[in-house]
Amino acid sequence: NEQHVDVEVFDVAGRRVQVLHSGELTALERHTFRIDGTALSSGTYIIRVAGAEFLESKSVVLLK
């Protein structure tokens, strides 16, 4: 279903460091988001994707 989706990046301390998307997304389509790492330091980050019907988190490592 089309729904409001938030795609956010958090540091390991739980602080939100970026919002990649906040708004409606259509169903059955691939959506791509890019993290702008220029203002971030090297380290581990959590990408959190939350909609009305789901919640998914993945960890990523940024190396500079």
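Scanning the stretch 14-28 for residues that are among the hydrophobic types (A, V, I, L, M, F, W, C) and open to solvent by 70 Å² or more (accessible area, probe 1.4 Å) yields Val19, Leu28. Entry remark, the stretch 29-64: residues being β-branched (Val, Ile, Thr), in a strand (DSSP E or B) and surrounded by 13 or more Cβ atoms within 10 Å (Cβ to Cβ) number 3 in total.
The values are calculated or read from the model by the stated rules, or taken from the named source; none is laboratory data. In this text the structure is predicted, and so the values were computed from the model without any measurement. All Cβ positions, even for glycine, are placed from backbone atoms using ideal geometry, and neighbour counts span all protein chains on display. Only protein heavy atoms, including side chains, enter the accessible area calculation; ligands, DNA and RNA are left aside. Shrake-Rupley method; radii C 1.70, N 1.55, O 1.52, S 1.80 Å.
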